[in-house]
């Protein structure tokens, strides 16, 4: 296809992506280097019969004018990044110098806003992804050996948690595990502890969020692996069976190697989606014990009436760097494939 | 085979696992749908969970074991219908525009063997991985400045753009499966590239477009990040409306409004899966099976 024709065809989609995906990334970088204006203060001296007094007040009008003139705020360089609510370099150094053990150091770091969110995001991604891969494969194999009549309905049921709106799905679970909900109340009864609440401790909150993550994404890996199982060649399986391979051996040496490309694909998708975990934290109102990178950006932007664009921008840039790290292996592999094809 | 007679423990375990999963997957939905027709004292019954089954307090309060109170409160009193209407507008236009942009782009990418086509696809993959909230934090300030914050068209075009990477990939691999000869022979017969696309490709592309459209629908319908931050209160769609219910109703003790709204928002998805299960499954696996 000649380049001219090609350009006409891709013009709409490219324009949309450049304007609303590429430029916002640039805009986020610029924002992250600025900080909101401070309020303009005026000091007036008022003299009364008992001497003069200096009062300082906020000049609201001047502040408004300044904000309207330069909405980006003032230039702040890398300070937002290095400051306390992001990378907190100074706090890190101090914690390193004053703590005795590594565990103590970690717990000090965990109290910093950014690292707190980062640690939940990483743990969530690192726990949910392998669980979903293994359980998805197990369920796909299970469904595959069921009679044909029940396979369709079981796929229908399995699709529900995956396709339901994340905010809605997590609310549905939240209402059940809430202290008065069916699961929450049953747990209180089981452990004979009426104050037991999944929201009360960080561990339980993390556990519930991770359970939601598995519930929500498991169908994806299940469906993909189920489709993959339909393409497993029968000849090697039969040969293995004749040679006396057990079901486990067949699985390990024939089925899993055949599904390996799918495993890579599913892992990539899961990593991308789990890394942006956000909605369940809103639904569970879990922010006291668990926050994620996406959630702290949301929180900065929601800051009522006075969104912290600079701070949100800095967290966004750091998140994007994280995503690029996650994608690095894939990008490098694709680049090699591409190079290899040309040689 | 002789082994067929005995109960194979491996089969037993894997069947049990499937049954367990199906219960875990379906039970929350059944429970919440059933409970949405009860009063709060039944659905959130600390004393006895069977209250939610029989509706003891519901019968006491309203005279029958089922009540539409939650739905009435959500749809009429809290004007959830407005949010539903906004959702419909946003989703409808997002799907139509995404598919138009996506088919044109996906077709061109599938037919061009040049390097830049590869790079566009790679960029789309990276864009696909961007958490939506990072993009939204880039929009807010400029949108405020240009005075286009809070209105439906802005949200629609943003959702279209966020949708593009996925749509492009999906339709690109779909068009790769349509033989090149089809449109090239039309061009030999004197059609221009665009005429060939219109007369030859458009008539055969509908299965791929329907599958991609389903996923565009899901992305726009399920979105919370973009709609909650880019829409003003009167333009809210359903999902952010549910979230703002939570803030206001928890205080007034009207959690059942939110429960009813949640069930209402889930019903269209049920119907969608019911009718398009095959297309959804094929769409989920399309990208995967081709590697």
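The values are calculated or read from the model by the stated rules, or taken from the named source; none is laboratory data. Keep in mind that what you see is a predicted model, and the values were worked out from it rather than measured. In this analysis, Cβ positions are derived from the backbone assuming ideal geometry, glycine residues included, and neighbour counts consider all displayed protein chains.
Does residue B:98 count as touching a residue at least 40 places away in the same chain (Cβ under 8 Å) and within 13 Å of chain A (Cβ to nearest Cβ)?
Numbers: touching a residue at least 40 places away in the same chain (Cβ under 8 Å): yes; within 13 Å of chain A (Cβ to nearest Cβ): yes.
Criteria met by residue B:98.
Return the only residue of A:316, A:311 being facing chain B (nearest Cβ under 9 Å) and under 30 Å from residue B:232 (Cβ atoms). Break it down into steps so the answer makes sense when it comes.
On the way: A:311 fails: facing chain B (nearest Cβ under 9 Å).
Only one candidate passes the filter, namely A:316.
Which residues, taken from the stretch B:16-38, are more than 7 Å from chain A (Cβ to nearest Cβ), surrounded by fewer than 22 Cβ atoms within 10 Å (Cβ to Cβ) and in contact with a helix residue (DSSP H, G or I) (Cβ under 6 Å, 6 or more places away or on another chain)?
The first filter runs over the stretch B:16-38 and keeps only residues more than 7 Å from chain A (Cβ to nearest Cβ), leaving B:16, B:19-20, B:23, B:27, B:30, B:33-38.
Those still in the list that are surrounded by fewer than 22 Cβ atoms within 10 Å (Cβ to Cβ) too: B:16, B:19-20, B:23, B:27, B:30, B:33-34.
Answer for the stretch B:16-38, where residues must be more than 7 Å from chain A (Cβ to nearest Cβ), surrounded by fewer than 22 Cβ atoms within 10 Å (Cβ to Cβ) and in contact with a helix residue (DSSP H, G or I) (Cβ under 6 Å, 6 or more places away or on another chain): just B:33.
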Check your understanding: So is residue B:171 within 7 Å of chain A (Cβ to nearest Cβ) and buried (at least 20 other Cβ atoms within 10 Å of the Cβ) or not?
Key -> no
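In this structure, is residue A:25 within 19 Å of residue A:68 (Cα to Cα) and within 10 Å of another protein chain (Cβ to nearest Cβ)?
Working: within 19 Å of residue A:68 (Cα to Cα): no; within 10 Å of another protein chain (Cβ to nearest Cβ): yes.
So residue A:25 fails the test.
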Review point. Out of the stretch A:284-300, which residues are within 11 Å of chain B (Cβ to nearest Cβ) and modelled with pLDDT of 90 or more?
Key: A:292, A:293, A:294, A:295, A:296, A:297, A:298, A:299, A:300
Point to revise | Residue satisfying all of: in the stretch A:61-79; in a helix (DSSP H, G or I) and touching a residue at least 12 places away in the same chain (Cβ under 8 Å); farthest from residue A:310 (Cα to Cα) among these | key: A:62
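Considering each residue of the stretch B:104-151, count those that are assigned to a loop (DSSP other than H, G, I, E, B), under 30 Å from residue B:177 (Cα atoms) and more than 23 Å from the chain's Cα centre (by Cα), and give that number. Break it down stepwise before answering.
To start, the set of residues in the stretch B:104-151 that are assigned to a loop (DSSP other than H, G, I, E, B) comprises B:112-114, B:130-131, B:146-149, B:151.
When the remaining residues are screened for being under 30 Å from residue B:177 (Cα atoms), the result is B:112-114, B:130.
Then keep just the ones that are more than 23 Å from the chain's Cα centre (by Cα); that gives B:112-114.
Residues meeting the conditions: 3.
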Check your understanding: Looking at A:46, A:85, which one is more than 30 Å from residue B:120 (Cβ to Cβ), assigned to a loop (DSSP other than H, G, I, E, B) and away from every other protein chain (no Cβ under 14 Å)?
Key -> A:85
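Could you grab me the full set of residues in the stretch B:193-217 that are within 11 Å of chain A (Cβ to nearest Cβ) and in contact (Cβ under 8 Å) with a residue 40 or more places away in the chain?
Step one: of the stretch B:193-217, the residues within 11 Å of chain A (Cβ to nearest Cβ) are B:193-194, B:196-197, B:214-215, B:217.
Passing the criteria: B:197, B:214, B:215, B:217.
Tally up the residues in the stretch B:112-121 that are within 16 Å of residue B:170 (Cβ to Cβ), at the interface with chain A (Cβ under 8 Å from one of its Cβ atoms) and at pLDDT below 90, please.
1
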Point to revise | Single unsatisfied condition, residue B:251 versus (1) modelled with pLDDT of 90 or more; (2) closer than 30 Å to residue B:137 by Cβ | key: (1)
Exercise for review: Sort out which residues of the stretch A:173-195 are buried (at least 17 other Cβ atoms within 10 Å of the Cβ) and in a helix (DSSP H, G or I), and write them in order of number.
Suggested key: A:173, A:174, A:175, A:176, A:177, A:182, A:183, A:184, A:185, A:187, A:188
**Study point:** Boolean, residue A:294 is under 21 Å from residue B:128 (Cα atoms) and in contact (Cβ under 8 Å) with a residue 12 or more places away in the chain
**Key:** yes
Revision key, fill the gap. Inside the stretch A:297-325, the number of residues satisfying the requirement of being farther than 26 Å from residue A:213 by Cα, out of contact with any helix residue (DSSP H, G or I) (no Cβ under 7 Å at 6 or more places or on another chain) and in contact (Cβ under 8 Å) with a residue 40 or more places away in the chain is 1
